[in-house]
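Take a look at the structure below.
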Amino acid sequence: MKNINRKTFLAMSGAAGLGLGLTGPSAFARQPVSANSKISLAFMGVNSRGSALARGFSGLERSEIRYICDPDENAIQKGIEAAGQGNTSQSPEGMTDFRRALEDPTLDAIVIACPIHWHTPAAILALQAGKHVYVEKPCSQNLFEGQLLVQAANKYNKVVQMGNQRRSWPNVQKGIQLLKEGVIGRAYYAKCWYATKRGSIGFGKPASVPSNLDFDLWQGPAPRRDFQDNLVHYNWHWFWHWGAGELLNNGTHFVDLARWGLDVDYPISVSSHGGRYHFHDDQQTPDTQIVSWDFKGGKTITWEAKSCNPRGHEGSATGVSFHGENGTLIIDGNGYTLYDMDNNVVQDSESDPADVVDRTGPGQSLDQGHQNNFFDAIQNGITPNSVIQDVNTSVHLCHLGNVAHRVGRTVHCDTHDGTIVGDREAMQYWKRTYEPGWEPTL
């Protein structure tokens with residue numbers, strides 16, 4: 001398949017906007033996937049997390065990896081090699097533009113693991129092409145996109161699962177089940193944390209775009225900015241223009257568990273404190289951040305991030321603790337510990353040794369449970385563990401935390417739908433601006 005540029009693609013599709021991509025007769029011709037057949041996949045974004053996902057999916061017997069897509073030609077080879085490390089024989093085709101893969105009427109699903117400013121627009125294009133979607137966390141770059149993706153999932157009636165894989169980890173599921181059964185009585189507070197030792201990103205300098213990178217396609221829906229030498233890869237996380245900071249990068253996992261365990265949805269109010277304290281460099285998002293969400297019914301969630309200091313809590317760099325009338329339950333990796341009101345351990349589970357915290361994600365064996373759940377949703381019609389209509393609420397909370405940080409005050413919300421109440425300045429962060437012709441639409 002020959003790579004095409006944006007103008008050619010839009011001319012072929014007749015679309016005025018990005019979201020009007022593939023809408024021809026074949027877009028909805030896909031029949032349900034047989035329970036005995038392979039599920040054909042394309043991967044978008046394979047420099048880091050996407051390659052880890054390709055390794056995991058390639059080890060599933062039901063998986064057939066057809067396409068490896070990345071605007072960085074060097075990353076494509078990395079993804080192809082990762083796809084060949086599983087238990088099944090994979091010989092995917094590499095290409096820079098994922099939209100070419102969507103033209104294949106026999107393709108079942110796409111796995112999206114590119115920079116987050118592409119997550120929602122790419123997912124909507126895939127849904128319009130009749131594909132199921134596995135999209136890495138967070139599912140959106142801003143509040144507007146999350147709501148739009150939920151609408152798209154409902155409209156096109158395809159499976160959309162987010163990559164917050166802890167929802168499929170067995171001991172995490174058991175811990176949440178115990179909470180819901182009242183093991184600590186009424187749970188009213190959850191504390192989430194993340195600690196690591198990230199270095200400085202320095203001060204970027206204008207530079208020529210590397211010959212292996214299609215930077216126009218990499219930017220995609222984002223308004224165009226000049227290339228600089230400390231952006232690609234990974235450091236885009238720390239620029240508001242492309243990323244959303246540590247809260248959406250890692251906080252999504254733990255805030256989601258906290259919301260799931262406390263059984264809450266949208267908050268009454270959100271506050272954030274912190275900043276970029278450790279280094280003086282180009283990073284715009286905070287390296288130290290404490291966010292608090294208050295809910296009806298007397299419940300609160302907090303998130304504490306120390307991106308440049310590795311000292312965590314409860315003996316772990318990451319986790320979430322639930323506090324209630326009769327004790328505390330701590331989830332650490334794929335394990336939980338239950339304490340009574342005298343701080344005695346009354347129940348414990350052994351953590352899976354595969355749970356290794358690194359930049360590409362936890363152990364492959366745990367990830368594969370989430371990936372198999374995605375396949376079961378496609379083939380058997382079950383509701384996936386991380387169905388987008390639910391877990392987008394957790395992503396929404398994280399975005400609200402960043403909005404509160406950027407306006408420097410408490411943000412108040414409508415508890416029915418999470419909209420911001422009475423704050424025009426805060427609402428300016430509800431939606432981003434898009435490069436003309438690239439705005440996602442239904």
Legend entry - Selection within region 271-294 - polar (S, T, N, Q), crowded, with 16+ Cβ neighbours inside 10 Å and touching a Lys or Arg at 6+ places or on another chain (Cβ under 9 Å): 271, 272, 283, 285, 288, 289
Legend entry - Which listed residue, of 129, 207, 190, 153, is small (Gly, Ala, Ser) and open to solvent by 20 Å² or more (accessible area, probe 1.4 Å): 207
Inset, instruction - Could you identify the single residue in 329, 248 that is modelled with pLDDT of 95 or more and under 26 Å from residue 432 (Cα atoms)? - result: 248
Legend entry - Looking only at region 172-199, and only at residues there that are more than 22 Å from the chain's Cα centre (by Cα) and part of a strand (DSSP E or B), the one that is nearest to residue 311 (Cα to Cα): 189
Inset, instruction - Take region 213-260 and flag every residue that is surrounded by 22 or more Cβ atoms within 10 Å (Cβ to Cβ) and of a type in the set (Lys, Arg). - result: 259
Inset, instruction - May I ask you to verify whether residue 25 is open to solvent by 20 Å² or more (accessible area, probe 1.4 Å) and at pLDDT 50 or above? - result: no
Inset, instruction - Say whether the condition of being modelled with pLDDT of 95 or more, more than 26 Å from residue 334 (Cβ to Cβ) and touching a strand residue (DSSP E or B) at 6+ places or on another chain (Cβ under 8 Å) is met by at least one residue in region 82-90. - result: no
Inset, instruction - Check residue 72 against each of (1) modelled with pLDDT under 95; (2) touching a His at 6+ places or on another chain (Cβ under 8 Å) and name the one condition it does not meet. - result: (1)
Legend entry - The one condition in (1) over 21 Å from the mean Cα position of the chain (by Cα); (2) under 20 Å from residue 284 (Cβ atoms) that residue 214 fails to fulfil: (2)
Legend entry - Leading residue by the ranking (surrounded by the most Cβ atoms within 10 Å (Cβ to Cβ)) among those in region 295-315 that are within 20 Å of residue 176 (Cα to Cα) and free of Cβ contacts under 8 Å to residues at least 40 places away in the same chain: 314
Legend entry - Residues of region 93-126 satisfying the condition of being open to solvent by less than 10 Å² (accessible area, probe 1.4 Å), over 16 Å from residue 57 (Cβ atoms) and in a loop (DSSP other than H, G, I, E, B): 97
Legend entry - Count of region 52-75 residues which are under 18 Å from residue 212 (Cα atoms), assigned to a helix (DSSP H, G or I) and either free of Cβ contacts under 8 Å to residues at least 24 places away in the same chain or open to solvent by less than 20 Å² (accessible area, probe 1.4 Å) (or both): 1
Legend entry - Filter result for residue 137 (out of contact with any helix residue (DSSP H, G or I) (no Cβ under 9 Å at 6 or more places or on another chain), under 30 Å from residue 322 (Cβ atoms) and either open to solvent by 20 Å² or more (accessible area, probe 1.4 Å) or not in a helix (DSSP H, G or I) (or both)): no
Legend entry - Residue list for region 371-393, restricted to those being in contact with a Phe, Trp or Tyr (Cβ under 8 Å, 6 or more places away or on another chain) and assigned to a helix (DSSP H, G or I): 371, 374, 393
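The values are calculated or read from the model by the stated rules, or taken from the named source; none is laboratory data. This one's a predicted model, so the numbers in the text were calculated from it and none came from an experiment. Note that we place each Cβ from the backbone using ideal geometry, even for glycine, and neighbour counts take in every protein chain shown. Please note that ligands, DNA and RNA were not included when accessible areas were found on the heavy atoms of the full protein model with its side chains. Shrake-Rupley method; radii C 1.70, N 1.55, O 1.52, S 1.80 Å.
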